[in-house]
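Data block below; observations after.
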Amino acid sequence: VENALINAAYHYNETGYPSAMQPIAMHLRYATDRTAGRDDERAATLCGNVASHLNQVGDYAAARPLSERALAICEQALGPGHPDTAQSLNNLAGLLKSMGEYAAARPLSERALAINEQAFGPSHPQTATSLNNLAALFRAVGDYAAARPLYERALAIREPALGPSHPSTATSLNNLAVNYAYQKQFKIAADLMRRALAIRVQRLGPDHPDTQSAQQSLAAIEQRLAENGG
């Protein structure tokens with residue numbers, strides 16, 4: 001039952017629609033609560049899946065202890081250098097970023113990047129995910145110059161490894177475009193965002209939250225571009 005819930009929760013979290021979790025939310029939480037006192041991988045994964053969902057719906061206070069428990073279990077059961085530990089570090093760092101605790105999130109994100117580079121190599125999609133997450137922290141505090149090479153490196157990994165029309169490639173294009181916009185380089189930002197939007201329309205559909213976000217970002221960038229004379 002736990003394995004079935006884990007597989008379903010991962011799928012629903014990946015859809016980008018938090019409401020998709022509703023059919024199993026009660027069962028997932030019950031199964032997670034029943035792991036109290038356990039320190040095995042399944043307990044950690046259940047905690048992580050529930051925390052990810054709660055993060056998506058903005059219930060950060062409820063998500064934090066679950067995310068912290070997932071990390072503690074992974075570090076104890078799998079070791080501090082295991083890829084699953086890196087995933088838990090990434091998840092907790094992302095949650096802390098959502099809560100505005102950037103200083104606390106940064107060392108976790110840096111640890112995750114170091115683990116993934118060691119475990120998978122510098123050109124693996126998992127490494128790209130960690131690069132993207134660390135870049136997002138730099139961008140959140142306004143250090144766009146530090147964020148940019150990390151976003152560029154993530155894109156350079158994802159595009160050849162996953163393909164030019166993969167949703168993760170679109171995410172990297174989107175993030176790099178936003179960073180360029182913050183640096184007032186609107187022409188470059190608009191070109192990147194158009195590419196991201198085209199991928200999302202094709203792969204996710206016009207009504208997906210990521211597609212709509214890209215549309216809104218592109219409109220804002222194009223407006224700034226027009227105000228600055230193209």
**Asked** Karplus couplings for region 52-68 from phi (6.51 cos²θ - 1.76 cosθ + 1.60, θ = phi - 60°), rounded to Hz, Gly and Pro as x?
**Response** 4, 5, 5, 5, 4, 8, x, 8, 5, 4, 6, 6, 4, x, 5, 5, 5
**Complete:** Per residue, accessible area of the chain with a 1.4 Å probe, heavy atoms of protein chains only, in Å², comes to 49
**Asked** With point charges of +1 on the Cβ of Lys and Arg and -1 on the Cβ of Asp and Glu, referenced to the Cα centre of the chain, which listed residue (ALA51, ALA181, SER123) lies farthest in the positive direction of the dipole?
**Response** ALA181
**Request:** Work out how far the C-alpha atoms of region 108-230 reach from end to end along every principal axis, then list the three figures in whole Å, largest first.
**Result:** 45, 31, 21
**Prompt:** Please state the Cα pair-distance histogram of region 1-91 with 5 angstrom bins from zero: what percent is in each bin?
**Reply:** 2, 16, 27, 26, 19, 7, 2
**Asked** Let a ≥ b ≥ c be the square roots of the eigenvalues of the Cα gyration tensor of region 51-186; is it rounded (a/c under 1.5), or, if not, prolate (a/b larger than b/c) or oblate?
**Response** oblate
**Message:** How would region 7-58 be classified by its alpha-carbon gyration tensor: rounded, prolate or oblate, with rounded meaning a/c under 1.5 and the a/b versus b/c comparison settling the rest?
**Reply:** prolate
**Request:** Quickly rank 18-27, 127-136 as a protection proxy: mean count of other C-beta atoms within 10 Å, highest first.
**Result:** 127-136, 18-27
**Request:** Could you please state how large a percent of the accessible area of region 1-66 is carbon and sulfur, counting protein chains only and using a 1.4 Å probe?
**Result:** 54
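The values are calculated or read from the model by the stated rules, or taken from the named source; none is laboratory data. In this text the structure is predicted, and so the values were computed from the model without any measurement. Positions of Cβ are generated from backbone atoms using ideal geometry, with glycine treated the same way; all protein chains shown enter the neighbour counts. Surface areas here come from the heavy atoms of the whole protein model, side chains and all, with no ligands, DNA or RNA. Shrake-Rupley method; radii C 1.70, N 1.55, O 1.52, S 1.80 Å.
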